[in-house]
There are 2 protein chains.
Amino acid sequence: MANETVVRFGILGCAQISIKLCKSISKALNATLVAISSRSLEKAKVFAAEQGLPDTVRVYGSYEAVVEDENVDAVYIPLPPALHVTWAVKAVERGKHVLLEKPVAMNVAELDQILEACEANGVQFMDGTMWLHHPRTTKMKEALCDEQRFGQLKLIHSCMTYNPGPEFLKNSIRMKPDLDGLGALGDIGWYSIQSILWAVNYELPKSVLAFPKSTFNEEGVIISCGSSLHWEDGKCATFHCSFLTYVTFDVTILGTKGSLRLHDLTLPFEESFGYGTFSESSEIDYGNIESGRWCPKPNEHVVETEFCQDVWMVKEFVDLVGKVKSLKMKPDKKWGVKSKKVQIVLDAVKESIQRGYQSVEIMMN
Amino acid sequence: MANETVVRFGILGCAQISIKLCKSISKALNATLVAISSRSLEKAKVFAAEQGLPDTVRVYGSYEAVVEDENVDAVYIPLPPALHVTWAVKAVERGKHVLLEKPVAMNVAELDQILEACEANGVQFMDGTMWLHHPRTTKMKEALCDEQRFGQLKLIHSCMTYNPGPEFLKNSIRMKPDLDGLGALGDIGWYSIQSILWAVNYELPKSVLAFPKSTFNEEGVIISCGSSLHWEDGKCATFHCSFLTYVTFDVTILGTKGSLRLHDLTLPFEESFGYGTFSESSEIDYGNIESGRWCPKPNEHVVETEFCQDVWMVKEFVDLVGKVKSLKMKPDKKWGVKSKKVQIVLDAVKESIQRGYQSVEIMMN
């Protein structure tokens, strides 16, 4: 691509995850970091120094400054979710393309504001979920789509947990109702719901029923919850998300003829060695179930990858932005549609919890 | 042990699983098969010939004959669950010790009849669940009890499925309300509930809530269902059981500090090679979560075993029966207590389904 298609990134906020994105941007072709910001100029300077950012990267003491910077094409927004709608819309209205951390918004109404602003201003939207962009994810989808091997999808279970400890539960922005309010459901529950919808090609469930007895912190933010999801054709999914148990990123997908599992959805165990794995099993002789030779050990599939998944994400975003920027193509709406479906289900789970664990129907439109 | 402590087995019914038990009995010390039966003498003779049973094994054309045989110390009952209470009680009243296939009864009331008969007649009861007796199970329990490694138990998920096909769903005894009626819930759901209760040291949950939309066959027998289980202290478990998806025997147990998983609960993949495995993970540096070095790949633990789990089960049963028979000790009630707790939860799940997926409280007594 010609030089003019290089996408110039600004980052709003020096969050922990911003460290990773600085590296991802530096590794992706046709991407360059040109600005970072924090509410405190001092904090932004320390971040720039610690990350060894080149002098060409402008360091700002306000998010506003990045949004106003005419040399910024696209912003990465890792701010607390409650601030997403404000800053995403501000950026979009200045013509910036947006790579927005998950959970993308506090609810669907806020996300609609963001997506409508993107539409009105002709800019690209993508949420910051990395695993969707790993080559492993493509290979898994191929396995699920293989009717001979996998059959018809029936059950999905996803469990996303980690245990950041009492200090986090008390003081993290993920635990403050004015900054996040979605807690574990928004943070890791996002991955659970997303993995489930990804598996069913983003077909929305008909209803959602949260498990009784979610756990909340003193300010009423979700620390731990779970839900079942139900489709008209009998497909069923369940998920748990929790800040109270040891780290787990499991997804199990069962079809009539095969199964697919992974235990490291969000960050592949072996990504730093250049690959990701998943296990898959099929073809069994049911006649032998009770004689004990019934079940083949799952096959481990190794998917090599040239880049880590965060780099793949940036590359995909940069490609889409490049098409808008230099080829004057329309932004691709598919990522916004996918994010919205995750948010719709997330909202329904939250509503089910708030309504005392009643079933919530999801409206199709 | 002296020769007189040999336990002489009779088998009621030439089911597929009886083939396995004939072999287990032949491999266990101090156990010998002395009688088999079927409702049809012809069928019993064919079974004896096909399995190459020695001439010393008496072959009967009725279950009654085994129960009346004075040379039988203990019976193995793999009959359809609806027949368990009748034949278990008959056998127990003739002084036979009972190894009873799961699900042990159609409901707790029936199981109580069986257990009361065992108590009154001084005979040993054990259900026919094999996995509980594998040395791997002991090792897993040690891992779960290690406070430093596993912490406090928080979440359990168990998924037990297989897909025996339309012929089975129509004609299997597991699909006939008069013979079974518990369907997938009694067959593989038994394992799910048992694995969950085993993990929590058989502490009964406070409530049970079946997932909406179980699947039934034309005669109203459960083909597929699931449930969440809830304890007073916030522990939560979920399970799926289904005759509609590819074979899966997964259990995932999450604590505050560690996790434990296996994908072959009921029949270890590698049992025929003399071992079973489970994976376990703990010790993580949460500071590195977002930099991508957060999660250690689970460790695979290999547990060697001299015998397959079915042989271990028979050995355990024979040891207990031997103590009653030759040492005149009282029967050990622990296996009856464990089976009853599984049945209590199973009944509650069935009740939740029957009551339109309402929460069912479990009475403690």
Can you give me the three principal axis dimensions of the range B:130-247 from its C-alpha atoms, in Å, biggest first? 50, 31, 23
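What FRET efficiency comes out for A:Glu306 versus A:Lys333 if R0 is 35 angstrom and r is the Cβ-Cβ distance? Round to the nearest 0.05.
Numbers: r = 28 Å, r/R0 = 0.79.
The computed FRET efficiency comes out at 0.80.
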Taking R0 as 56 Å and r as the Cβ-Cβ distance between B:Thr56 and B:Tyr202, the FRET efficiency 1/(1 + (r/R0)^6), rounded to the nearest 0.05, comes to 0.90
Once you put a point 7 Å from the Cα of B:Arg39 and another 7 Å from the Cα of A:Ile173, both along the Cβ direction, what distance in nm separates them? 7.0 nm
Which order do the peptides A:13-23, A:56-66 come out in when sorted by mean C-beta neighbours inside 10 angstrom, highest first? A:13-23, A:56-66
Take the alpha carbon atoms of the range A:167-238, find their center, do the same for the range B:27-45, and report the distance between the two centers in whole angstrom. 54 Å
Place the label 7 angstrom along Cα→C-beta at A:Gly95 and in each other copy, then list the distances from the first to the rest in nm, shortest first. 9.9
Among the range A:258-279, those whose backbone N falls under 16 Å of a label point 7 Å along Cα→Cβ from A:Gln148 are A:258
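Looking at chain A, send over the antiparallel percent of its DSSP beta bridges, to the nearest 5.
Taking every DSSP beta bridge with both residues in chain A, the antiparallel ones total about 60 percent.
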To the nearest 20 debye, what is the magnitude of the charge dipole of the range B:28-176 about its Cα centre, counting +1 on the Cβ of each Lys and Arg and -1 on the Cβ of each Asp and Glu? 620 debye
For the range B:105-158, state what percent of all Cα-Cα pairs lands in each successive 5 Å bin, counting from 0 Å until the bin that includes the largest distance. 4, 14, 14, 15, 14, 14, 15, 9, 3
Just to check, using Stokes-Einstein with a Kirkwood Rh over alpha carbon pairs, what's the diffusion coefficient of the protein assembly as shown at 4 °C and 1.567 mPa s in µm²/s? 47 µm²/s
Could you tell me the relative contact order of the range B:172-282? Use alpha-carbon pairs under 8 Å, at least six residues apart, and round to a whole percent. 20 percent
The base-10 log of I(q)/I(0) that the Debye equation returns for chain B at q = 0.15 Å⁻¹, one scatterer per C-alpha, is -1.39
Which percent of the Cα-Cα distances in the range A:1-131 go past 25 Å? 19 percent
Taking amide H positions as placed in the peptide plane 1.01 Å from N, state which residues far from B:Leu33 in sequence (5 or more) or on other chains have amide H under 5 Å from it. B:Phe9
Relative counts (whole %) of C-alpha pair distances in the range A:156-216, using bins that are 5 Å wide: 4, 15, 22, 24, 16, 12, 6, 1
For the range A:123-188, what does the relative contact order come out to in percent, with C-alpha contacts under 8 Å and a separation of six or more? 14 percent
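Give me the percent relative contact order of chain B, please, defined on Cα pairs under 8 angstrom at least 6 residues apart. Walk me through the numbers on the way to the answer.
Working: 773 pairs, mean separation 68.9, N = 365.
Rounded, it is 19 percent for chain B.
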at B:Asp233 the sorted inter-copy label distances (label 7 Å from Cα on Cβ side), in nanometres, are 4.3
Please compute, for peptide A:215-226, the average count of beta-carbon atoms on other protein chains lying within 10 Å of each residue's beta-carbon. 1
Distance from a point 7 Å along Cα→Cβ of B:Gln354 to each backbone N in the range B:71-100: keep the residues under 19 Å and list them by number. B:81-86
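I need the calculated FRET efficiency for the pair A:Gln16 and B:Ser26, taking r as the beta carbon distance and R₀ as 41 Å, to the nearest 0.05. Write down the numbers at each step before the final one.
Working: r = 62 Å, r/R0 = 1.50.
In this case the efficiency is close to 0.10.
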Would you kindly work out, in nm and rounded to one decimal, the distances from the label point of B:Glu300 to those of the same position in each other copy, ordered shortest first, with label points 7 Å along Cα-to-Cβ? 0.6
Treating the angle as unsigned and between 0 and 90°, give the value, to the nearest 10°, between the Cα long axis of helix B:84-93 and the longest Cα principal axis of chain B. 50 degrees
Take the residue pairs A:Lys206/A:Lys338; B:Lys90/B:Lys139; A:Lys23/A:Lys176; A:Lys213/B:Lys297; A:Lys45/A:Lys323 and return only those whose Cα atoms are more than 26 Å apart. B:Lys90/B:Lys139; A:Lys23/A:Lys176; A:Lys213/B:Lys297; A:Lys45/A:Lys323
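When the dipole is taken about the Cα centre of the range B:102-196, and only Lys, Arg (+1) and Asp, Glu (-1) are charged at their Cβ, what size is it in debye, to the nearest 20?
Values: 9 positive and 12 negative charges, 103 e Å.
Dipole magnitude for the range B:102-196 comes out near 500 debye.
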The range B:249-269 versus the range A:244-284: alpha-carbon centroid distance in Å: 14 Å
Taking each residue of B:241-253 in turn, how many C-beta atoms of other protein chains fall within 10 Å of its C-beta, and what is the average? 6
Taking the Cα centre of chain B as origin, sum charge times position over the Cβ atoms of Lys and Arg (+1) and Asp and Glu (-1), and report the length of that vector in debye to the nearest 20. 140 debye
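Since every read-out is calculated from the coordinates, none of them should be taken as a lab result. The model shown is predicted, which means the values in this text are computed figures rather than measured ones. Cβ sites come from the backbone with ideal geometry, for glycine too, and all protein chains shown count toward neighbours.
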